[in-house]
1. Distance check, please: which entries in 89/139; 41/139; 70/139; 93/139; 91/139; 91/146 exceed 21 angstrom between their Cα atoms?
2. Calculate, for the chain, the solvent-accessible area per residue in square angstrom, rolling a 1.4 angstrom probe over the heavy atoms of the protein chains.
3. Hey, could you get me the Stokes-Einstein D for segment 107-174, Kirkwood radius over alpha-carbon pairs, 10 °C and 1.306 mPa s, rounded to whole µm² s⁻¹?
4. Could you work out the helix-only [θ] at 222 nm for the chain, with each DSSP H run of four or more residues adding -39,500 (n - 2.57) and the total divided by the number of residues, to the nearest 500 deg cm²/dmol?
5. Given points 7 Å out from each Cα along the Cα-Cβ axis, report the residue 65 to residue 199 separation in nanometres with one decimal.
6. Once you have the alpha carbon radius of gyration of segment 38-145, what is it after dividing by 2.2 N^0.38 Å, with N set to its residue count?
7. Using the Cα centre of the chain as origin and beta-carbon charges of +1 (Lys, Arg) and -1 (Asp, Glu), tell me which of 79, 113, 163 is placed farthest towards the positive end of the dipole.
8. In 10 Å bins starting at zero, report the fraction of Cα pairs in the chain per bin as a rounded %.
Amino acid sequence: MDMNDEADMQRRLERVQERIVRACGKAGRDPAGVTLVAVSKFHPPQAVTALRACGQRIFGESYVQEALPKMEALAEADIQWHFIGRLQKNKAKFAVGRFALIHTVDSEELARTLQRRALAAVVVQPVLIQVNVDDEPQKAGVTRAKAPELAEAVVGMANLDLQGLMVLPRALDDPQAARPAFAALRAVRDDLAARLGRELPVLSMGMSGDLEPAVEEGATHVRVGTDLFGLR
């Protein structure tokens, strides 16, 4: 990657950061409360290294088999990895303890697999529950109706640390059309926090095209790939 590419990446990062700051200003929020997760799936270690040099520290991967070699190649870098894709149970053993946060727990079966692996590894694995707020049959995520049951189960697992919720809203041309899904996730989170009697501080929602309404509706983590790395 040449200097022109690195300079372009710096500009991309600054533009995304500026969008977050503006959205926070509109919502009366502190920008420090929004974490940018750079979605590096399908991008080589060199691209991650370049963006890390620009100051970005947190990166998100969607496939364990792609992430692990990348992690090894960048083992010396000060990088925090998040898992943001659909996690297969047979890959759970490779994910536990390697990712600072797994965003996509969507079933008690997966949660129990993660709990067993975390117990064996003597770690506590931070997780989010993915909620399918639009009830799309083809999409991962627990339904709103079943979210309380799953949340209660996860909270009962000693080696999992439930930190909040994640949503992937339906694909829409108008970014503002995703706002109801973001507001719905926040409402589910608030209900669960009251039910469980504990804080669930993390709301992982919003991507390149719709991070503004996500931040305005309370996102604490936005997952941005294209606007940082360009088209894959």
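1. Table pairs above 21 Å Cα-Cα are 70/139; 93/139; 91/146.
2. Per residue, the chain has 47 Å² of solvent-accessible surface.
3. 125 µm²/s
4. Theoretical 222 nm ellipticity from helices: -13000 deg cm²/dmol.
5. Label at residue 65, label at residue 199, 4.0 nm between them.
6. Dividing the Cα Rg of segment 38-145 by 2.2 N^0.38 Å gives 1.11.
7. Positive-most Cα among the choices belongs to 113.
8. Calculated over all Cα pairs of the chain, the distribution is 8, 33, 37, 20, 3, 0 percent.
The values are calculated or read from the model by the stated rules, or taken from the named source; none is laboratory data. In this text, all values refer to a predicted model and were calculated from it rather than measured experimentally. Ideal geometry is used to build each Cβ from the backbone, glycine not excepted, and the neighbour counts take in all protein chains shown. Note: accessible area is taken over every heavy atom of the protein model, side chains too, but ligands, DNA and RNA are not part of it. Shrake-Rupley method; radii C 1.70, N 1.55, O 1.52, S 1.80 Å.
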